[in-house]
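Presented below is the structure to which this report refers.
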Amino acid sequence: MSNKKLAIITGASRGIGNAISVRLAKEGYNIATLGNSTTEAAAPGLKKITDAGAEIIYVQGNLGEKDARDRLLEKALEAGNIDLLVNNASMGPRVRTDILEMSSESLDEVLNVNLVGTLLLTQAVANQMVKQVDAGQGYAPAIVNISSISAYTASVNRAEYCVAKAGVSMTTMLFAARLAEYDIPVFEIRPGIILTDMIAPVKEKYDKLIADGLTPIKRLGLPEDVANAVWVLVSGQLTYSTGQVLNIDGGFHIRRL
(Lines give C-alpha, C1' and ligand atoms only; values in the text may rest on other atoms or scores of the structure.)
Protein backbone atom coordinates (compact mmCIF):
# COMPACT_ATOMS: atom_id res chain seq x y z
CA MET A 1 0.00 0.00 0.00
CA SER A 2 1.06 3.59 -0.54
CA ASN A 3 2.52 5.54 2.36
CA LYS A 4 -0.73 7.13 3.52
CA LYS A 5 -2.50 7.02 6.86
CA LEU A 6 -4.63 3.91 7.35
CA ALA A 7 -8.14 3.89 8.78
CA ILE A 8 -10.03 0.78 9.82
CA ILE A 9 -13.72 1.48 9.19
CA THR A 10 -16.16 -1.35 9.80
CA GLY A 11 -19.09 -1.57 7.40
CA ALA A 12 -17.53 0.69 4.77
CA SER A 13 -19.26 -0.67 1.67
CA ARG A 14 -22.57 1.14 2.14
CA GLY A 15 -24.50 3.76 4.07
CA ILE A 16 -22.81 5.83 6.75
CA GLY A 17 -19.64 3.76 6.66
CA ASN A 18 -19.28 4.32 2.94
CA ALA A 19 -19.69 8.08 3.29
CA ILE A 20 -17.10 8.15 6.09
CA SER A 21 -14.68 6.14 3.97
CA VAL A 22 -15.12 8.38 0.93
CA ARG A 23 -14.54 11.50 3.03
CA LEU A 24 -11.41 10.07 4.64
CA ALA A 25 -10.15 8.85 1.27
CA LYS A 26 -10.38 12.44 0.04
CA GLU A 27 -8.39 13.51 3.11
CA GLY A 28 -5.57 11.13 2.27
CA TYR A 29 -6.39 7.88 4.08
CA ASN A 30 -6.29 4.32 2.85
CA ILE A 31 -9.11 2.15 4.16
CA ALA A 32 -9.29 -1.33 5.69
CA THR A 33 -12.79 -2.65 6.24
CA LEU A 34 -14.83 -5.64 7.31
CA GLY A 35 -18.28 -6.54 6.00
CA ASN A 36 -20.70 -9.43 5.62
CA SER A 37 -21.17 -8.89 1.88
CA THR A 38 -19.23 -10.82 -0.72
CA THR A 39 -16.53 -8.89 -2.52
CA GLU A 40 -18.77 -8.78 -5.59
CA ALA A 41 -21.75 -7.41 -3.66
CA ALA A 42 -19.58 -4.85 -1.89
CA ALA A 43 -17.85 -3.76 -5.12
CA PRO A 44 -20.04 -0.72 -5.98
CA GLY A 45 -19.50 0.85 -2.57
CA LEU A 46 -15.81 -0.01 -2.51
CA LYS A 47 -15.38 1.59 -5.95
CA LYS A 48 -16.64 4.90 -4.55
CA ILE A 49 -13.83 4.73 -2.01
CA THR A 50 -11.11 3.93 -4.52
CA ASP A 51 -12.47 6.59 -6.87
CA ALA A 52 -11.96 9.06 -4.01
CA GLY A 53 -8.28 8.18 -3.93
CA ALA A 54 -7.87 5.37 -1.41
CA GLU A 55 -6.40 1.94 -1.64
CA ILE A 56 -8.65 -0.54 0.14
CA ILE A 57 -8.40 -3.77 2.09
CA TYR A 58 -11.68 -5.67 2.20
CA VAL A 59 -12.20 -8.59 4.58
CA GLN A 60 -15.46 -10.52 4.36
CA GLY A 61 -16.72 -11.59 7.75
CA ASN A 62 -18.99 -11.01 10.73
CA LEU A 63 -17.79 -8.40 13.23
CA GLY A 64 -19.15 -10.59 16.02
CA GLU A 65 -16.74 -13.43 15.16
CA LYS A 66 -13.18 -13.46 16.49
CA ASP A 67 -11.76 -14.97 13.31
CA ALA A 68 -13.09 -12.08 11.21
CA ARG A 69 -11.71 -9.47 13.60
CA ASP A 70 -8.34 -11.20 13.68
CA ARG A 71 -8.16 -11.34 9.88
CA LEU A 72 -9.02 -7.65 9.60
CA LEU A 73 -6.35 -6.67 12.10
CA GLU A 74 -3.76 -8.91 10.45
CA LYS A 75 -4.40 -7.45 7.00
CA ALA A 76 -4.35 -3.90 8.34
CA LEU A 77 -1.05 -4.41 10.15
CA GLU A 78 0.50 -5.81 6.99
CA ALA A 79 -0.17 -2.39 5.46
CA GLY A 80 1.51 -0.46 8.29
CA ASN A 81 0.44 1.53 11.33
CA ILE A 82 -3.26 1.88 12.14
CA ASP A 83 -3.95 5.60 12.41
CA LEU A 84 -7.70 5.54 12.95
CA LEU A 85 -10.45 3.13 13.97
CA VAL A 86 -14.06 4.00 13.16
CA ASN A 87 -16.50 1.52 14.68
CA ASN A 88 -19.44 1.95 12.34
CA ALA A 89 -20.85 -1.49 11.54
CA SER A 90 -24.03 -2.52 13.32
CA MET A 91 -27.30 -4.35 12.80
CA GLY A 92 -30.86 -4.09 14.03
CA PRO A 93 -32.99 -7.03 15.12
CA ARG A 94 -34.12 -9.13 12.18
CA VAL A 95 -37.71 -8.74 13.36
CA ARG A 96 -38.85 -5.84 15.53
CA THR A 97 -40.61 -7.34 18.53
CA ASP A 98 -42.08 -5.92 21.72
CA ILE A 99 -39.55 -6.19 24.54
CA LEU A 100 -41.97 -8.49 26.38
CA GLU A 101 -41.63 -11.02 23.53
CA MET A 102 -37.97 -10.41 22.59
CA SER A 103 -36.06 -13.66 22.14
CA SER A 104 -32.71 -14.39 23.73
CA GLU A 105 -31.44 -15.40 20.28
CA SER A 106 -32.21 -11.97 18.84
CA LEU A 107 -30.64 -10.25 21.83
CA ASP A 108 -27.50 -12.37 21.55
CA GLU A 109 -27.13 -11.71 17.82
CA VAL A 110 -27.48 -7.93 18.05
CA LEU A 111 -25.31 -7.58 21.14
CA ASN A 112 -22.62 -9.81 19.67
CA VAL A 113 -22.22 -7.62 16.58
CA ASN A 114 -23.03 -4.14 17.86
CA LEU A 115 -21.43 -4.27 21.29
CA VAL A 116 -19.21 -7.31 21.82
CA GLY A 117 -17.64 -7.16 18.37
CA THR A 118 -17.13 -3.41 18.63
CA LEU A 119 -15.61 -3.61 22.10
CA LEU A 120 -13.25 -6.48 21.29
CA LEU A 121 -12.11 -4.96 17.99
CA THR A 122 -11.43 -1.71 19.82
CA GLN A 123 -9.45 -3.60 22.46
CA ALA A 124 -7.32 -5.31 19.81
CA VAL A 125 -6.70 -2.15 17.80
CA ALA A 126 -6.06 -0.07 20.93
CA ASN A 127 -3.30 -2.46 22.01
CA GLN A 128 -1.65 -2.03 18.62
CA MET A 129 -2.02 1.74 18.82
CA VAL A 130 -0.37 1.77 22.25
CA LYS A 131 2.59 -0.19 20.87
CA GLN A 132 2.86 2.23 17.98
CA VAL A 133 2.70 5.27 20.30
CA ASP A 134 5.42 3.79 22.50
CA ALA A 135 7.57 3.37 19.39
CA GLY A 136 7.46 7.15 18.87
CA GLN A 137 7.84 8.83 15.47
CA GLY A 138 5.09 11.40 16.04
CA TYR A 139 2.29 8.87 15.69
CA ALA A 140 -1.14 10.29 16.68
CA PRO A 141 -3.98 7.75 16.37
CA ALA A 142 -7.66 8.15 17.23
CA ILE A 143 -10.82 6.09 17.68
CA VAL A 144 -14.39 7.08 16.80
CA ASN A 145 -17.46 5.06 17.77
CA ILE A 146 -20.67 5.54 15.81
CA SER A 147 -23.49 4.94 18.26
CA SER A 148 -27.03 6.31 17.90
CA ILE A 149 -29.72 8.40 19.52
CA SER A 150 -30.99 4.94 20.49
CA ALA A 151 -28.27 4.95 23.17
CA TYR A 152 -30.65 7.07 25.27
CA THR A 153 -34.00 6.89 23.43
CA ALA A 154 -36.25 3.95 24.34
CA SER A 155 -37.72 2.00 21.41
CA VAL A 156 -39.57 -0.87 23.04
CA ASN A 157 -39.87 -2.79 19.76
CA ARG A 158 -36.11 -2.98 19.24
CA ALA A 159 -34.69 -3.15 22.73
CA GLU A 160 -31.71 -5.17 21.53
CA TYR A 161 -30.46 -2.26 19.44
CA CYS A 162 -31.00 0.32 22.19
CA VAL A 163 -29.17 -1.73 24.81
CA ALA A 164 -26.28 -2.38 22.42
CA LYS A 165 -25.88 1.29 21.52
CA ALA A 166 -26.01 2.30 25.18
CA GLY A 167 -23.17 -0.15 25.68
CA VAL A 168 -21.21 1.44 22.84
CA SER A 169 -21.52 4.78 24.65
CA MET A 170 -19.98 3.29 27.77
CA THR A 171 -17.31 1.64 25.63
CA THR A 172 -16.37 5.12 24.42
CA MET A 173 -15.97 6.41 27.96
CA LEU A 174 -13.98 3.38 29.09
CA PHE A 175 -11.45 3.55 26.28
CA ALA A 176 -11.26 7.34 26.45
CA ALA A 177 -10.30 7.07 30.12
CA ARG A 178 -7.85 4.22 29.57
CA LEU A 179 -6.07 5.58 26.49
CA ALA A 180 -5.74 9.22 27.52
CA GLU A 181 -2.27 8.64 28.96
CA TYR A 182 -1.14 7.62 25.48
CA ASP A 183 -2.73 10.69 23.85
CA ILE A 184 -5.17 8.48 21.94
CA PRO A 185 -8.51 10.32 21.86
CA VAL A 186 -11.73 8.33 21.71
CA PHE A 187 -14.90 10.03 20.49
CA GLU A 188 -18.53 9.10 19.99
CA ILE A 189 -20.89 10.27 17.27
CA ARG A 190 -24.63 9.80 17.83
CA PRO A 191 -26.46 9.94 14.52
CA GLY A 192 -30.16 10.62 14.49
CA ILE A 193 -32.47 9.72 11.63
CA ILE A 194 -30.10 9.29 8.70
CA LEU A 195 -31.28 8.55 5.17
CA THR A 196 -29.81 5.10 4.53
CA ASP A 197 -31.23 1.87 3.18
CA MET A 198 -32.12 0.95 6.78
CA ILE A 199 -34.83 3.60 6.98
CA ALA A 200 -35.75 3.81 3.29
CA PRO A 201 -38.84 1.58 3.75
CA VAL A 202 -40.21 3.92 6.44
CA LYS A 203 -39.00 7.25 5.02
CA GLU A 204 -42.56 8.61 4.70
CA LYS A 205 -43.13 8.02 8.41
CA TYR A 206 -40.00 9.94 9.36
CA ASP A 207 -40.68 12.73 6.86
CA LYS A 208 -44.02 13.32 8.58
CA LEU A 209 -42.54 13.17 12.09
CA ILE A 210 -39.87 15.69 11.13
CA ALA A 211 -42.42 17.97 9.46
CA ASP A 212 -44.45 17.80 12.68
CA GLY A 213 -41.48 18.97 14.75
CA LEU A 214 -39.54 15.87 15.81
CA THR A 215 -36.28 17.70 15.14
CA PRO A 216 -35.58 21.45 15.10
CA ILE A 217 -33.71 21.06 11.81
CA LYS A 218 -36.48 19.95 9.50
CA ARG A 219 -34.82 17.38 7.25
CA LEU A 220 -33.47 13.87 7.38
CA GLY A 221 -29.79 13.54 8.08
CA LEU A 222 -27.45 12.35 5.35
CA PRO A 223 -24.56 9.90 5.63
CA GLU A 224 -22.29 12.77 4.59
CA ASP A 225 -23.35 14.69 7.72
CA VAL A 226 -21.86 11.92 9.83
CA ALA A 227 -18.79 11.66 7.61
CA ASN A 228 -18.09 15.37 8.02
CA ALA A 229 -18.38 14.99 11.80
CA VAL A 230 -15.83 12.18 11.81
CA TRP A 231 -13.37 14.39 9.96
CA VAL A 232 -13.91 17.24 12.44
CA LEU A 233 -13.06 14.89 15.31
CA VAL A 234 -9.97 13.29 13.77
CA SER A 235 -8.47 16.30 11.98
CA GLY A 236 -6.05 16.89 14.86
CA GLN A 237 -7.59 20.14 16.08
CA LEU A 238 -9.23 18.83 19.27
CA THR A 239 -6.08 18.08 21.23
CA TYR A 240 -7.63 18.71 24.67
CA SER A 241 -10.74 16.56 24.14
CA THR A 242 -11.53 12.89 24.60
CA GLY A 243 -14.71 11.01 25.42
CA GLN A 244 -16.68 13.75 23.68
CA VAL A 245 -20.14 12.93 22.26
CA LEU A 246 -21.13 14.72 19.05
CA ASN A 247 -24.83 14.59 18.21
CA ILE A 248 -25.56 14.53 14.48
CA ASP A 249 -29.32 14.45 14.88
CA GLY A 250 -30.85 17.69 13.67
CA GLY A 251 -31.26 18.80 17.29
CA PHE A 252 -33.28 15.75 18.35
CA HIS A 253 -31.41 15.66 21.69
CA ILE A 254 -32.62 19.13 22.72
CA ARG A 255 -35.34 19.03 25.37
CA ARG A 256 -38.10 21.39 24.31
CA LEU A 257 -41.39 22.64 25.69
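The values are calculated or read from the model by the stated rules, or taken from the named source; none is laboratory data. Owing to the predicted nature of the structure, the values given are computational and were not obtained by experimental measurement. A quick note on method: Cβ atoms are made from the backbone with ideal geometry, for glycine too, and the neighbour counts reach across all protein chains shown.
Keeping to the stretch 82-117, report how many residues are within 30 Å of Lys4 (Cα to Cα) and either modelled with pLDDT under 95 or among the small types (Gly, Ala, Ser) (or both).
Result for the stretch 82-117: 3.
Does the stretch 1-36 hold any residues that are within 12 Å of the chain's Cα centre (by Cα) and part of a helix (DSSP H, G or I), and which are they?
The answer is Gly15, Ile16, Gly17, Asn18, Ala19, Ile20, Ser21.
Looking only at the stretch 203-232, count every residue that is charged (D, E, K, R), farther than 23 Å from Val245 by Cβ and assigned to a helix (DSSP H, G or I) and tell me the total.
5
Does Leu107 meet the test of being surrounded by fewer than 20 Cβ atoms within 10 Å (Cβ to Cβ) and more than 30 Å from Asn81 (Cα to Cα)?
Values: surrounded by fewer than 20 Cβ atoms within 10 Å (Cβ to Cβ): yes; more than 30 Å from Asn81 (Cα to Cα): yes.
Judged against the criteria, Leu107 is a match.
For the stretch 236-252: of the residues being more than 18 Å from Met170 (Cα to Cα) and either in contact (Cβ under 8 Å) with a residue 60 or more places away in the chain or surrounded by fewer than 10 Cβ atoms within 10 Å (Cβ to Cβ) (or both), which is nearest to the chain's Cα centre (by Cα)?
Asp249
Look at Ala54 and say whether it is at pLDDT 95 or above, surrounded by 15 or more Cβ atoms within 10 Å (Cβ to Cβ), of a type in the set (Gly, Ala, Ser) and assigned to a strand (DSSP E or B).
Working: at pLDDT 95 or above: yes; surrounded by 15 or more Cβ atoms within 10 Å (Cβ to Cβ): yes; of a type in the set (Gly, Ala, Ser): yes; assigned to a strand (DSSP E or B): no.
No; evaluated as a whole, the condition is false for this residue.
Kindly check whether there is at least one residue in the stretch 80-100 that is under 23 Å from Val22 (Cα atoms), out of contact with any helix residue (DSSP H, G or I) (no Cβ under 8 Å at 6 or more places or on another chain) and either of a type in the set (Gly, Ala, Ser) or crowded, with 21+ Cβ neighbours inside 10 Å (or both).
Of the residues in the stretch 80-100, the ones under 23 Å from Val22 (Cα atoms) are 80-91.
Still in the running and out of contact with any helix residue (DSSP H, G or I) (no Cβ under 8 Å at 6 or more places or on another chain): 80, 83.
Still in the list and also either of a type in the set (Gly, Ala, Ser) or crowded, with 21+ Cβ neighbours inside 10 Å (or both): 80.
Yes, the stretch 80-100 has at least one match.
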